[in-house]
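Following: one structure in structure tokens, then a few remarks.
Please treat every number below as a calculation from the coordinates, not as lab data. Here the structure is a predicted model, which means the values were calculated and not measured. Backbone-built Cβ (ideal geometry, glycine too); neighbour counts: all protein chains shown.
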Amino acid sequence: MRPFSAPRRRVLAGSLTALGLLAVVPLTRSYAQQVLRTPSQTTGPFYPTTIPLDSDSDLVMVNGQAQIAKGQISNVVGRVLDERGRPIRQARVEIWQCDANGRYHHSRDNRNVPLDANFQGYGRFTTGADGTYRFRTIKPVPYPGRAPHIHFKISGPGIEPLTTQMYVAGAPENEGDWILSSIGDERVRNSVIVKFEPHDDTPGELLAKFNIILAADGRFGKG
Ligand SMILES: [Fe+2]
């Protein structure tokens with residue numbers, strides 16, 4: 001077929017602009033170029049062997065415990081999106097991390113470190129239509145050999161499971177962390193390093209925002 005002549009191309013562009021299509025297409029493309037897929041990181045040895053009875057999204061309060069967890073209370077929030085920016089609903093987001101003493105609530109963590117029984121250690125949240133998730137937990141602390149981090153696992157209907165880890169901006173241990181350093185691309189590495197900042201809505205607590213970007217290949221349960 002003969003390529004469009006210049007005037008025909010102008011007419012075509014004009015009609016697309018009138019329909020609002022020309023504006024949408026480049027925007028979608030540039031969004032896809034900017035947004036980096038969240039990298040996969042090792043699950044590690046401390047994913048729970050048995051899901052605790054209290055597995056809600058508030059890890060700071062445990063059913064039956066009178067006191068709250070030791071540590072800096074932090075609201076870890078974000079959205080699960082595909083790389084075109086579309087929210088992923090019904091994504092199950094699981095997190096697990098060590099307590100403020102650096103101890104995991106796991107039978108494999110048998111180090112001689114006191115266990116904070118007021119910390120839940122694990123929590124889960126299922127996203128709604130806008131892909132948002134929310135946890136109330138503690139700011140992660142380092143333990144021997146690792147920079148502070150929170151483990152994440154995302155799964156759900158039609159979702160290829162992703163396991164990753166989120167790190168704390170400014171933590172001096174980040175540079176020497178072998179798992180974080182294994183992400184070769186600096187931009188991708190920085191995408192899992194998150195600022196913990198004062199939370200305006202709840203004085204005394206911190207806020208950390210971490211969006212999780214999954215592949216956009218049409219297999220996700222969107223609607
Ligand atoms: Fe860990």
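Step through the table entries LYS153/LYS195; LYS139/LYS195; LYS70/LYS139, compare each Cα-Cα distance with 18 Å, and write down the pairs that go over it.
Details: LYS153/LYS195 20 Å; LYS139/LYS195 10 Å; LYS70/LYS139 10 Å.
Table pairs above 18 Å Cα-Cα are LYS153/LYS195.
Tell me the net charge near GLY121. Cut-off is 11 Å between Cβ atoms, GLY121 excluded, with +1 for each Lys or Arg and -1 for each Asp or Glu. Numbers along the way, then the final one.
Numbers: positive: ARG103; negative: ASP54, ASP99, ASP109, ASP116.
With Lys, Arg at +1 and Asp, Glu at -1, the net is -3.
With a point put 7 Å past each Cα toward its Cβ, work out how far ILE179 is from SER40 in nm, to one decimal.
Reported label-point gap for ILE179 and SER40 is 1.5 nm.
How far, in nm, would the chain grow between MET61 and ASP130 when pulled straight, counting 0.36 nm per residue and subtracting the alpha carbon separation? Don't skip to the answer; put the middle values down first.
On the way: separation 69, 0.36 × 69 = 24.84 nm, distance 2.62 nm.
Going from the current span to full extension adds 22.2 nm.
Under the rule of at least 5 residues apart or a separate chain, name every residue whose amide H is placed under 5 Å from the amide H of GLY78.
Sorted by chain and number, the residues that satisfy this are TYR133, PHE210.
Across the stretch 115-131, in residue order, what do the Karplus-derived ³J(HN,Hα) couplings come to in whole Hz, using 6.51 cos²θ - 1.76 cosθ + 1.60 with θ = phi - 60° and x for Gly and Pro?
Coupling constants for the stretch 115-131: 8, 8, 5, 8, 9, 7, x, 8, x, 9, 8, 10, 6, x, 4, 8, x Hz.
State the extension gain, in nm to one decimal, for the chain segment bounded by SER107 and TYR47, taking 0.36 nm per residue of separation less the distance between their alpha-carbons. Before the final figure, lay out the partial values.
Details: separation 60, 0.36 × 60 = 21.60 nm, distance 1.05 nm.
Contour length minus Cα-Cα distance gives 20.5 nm.
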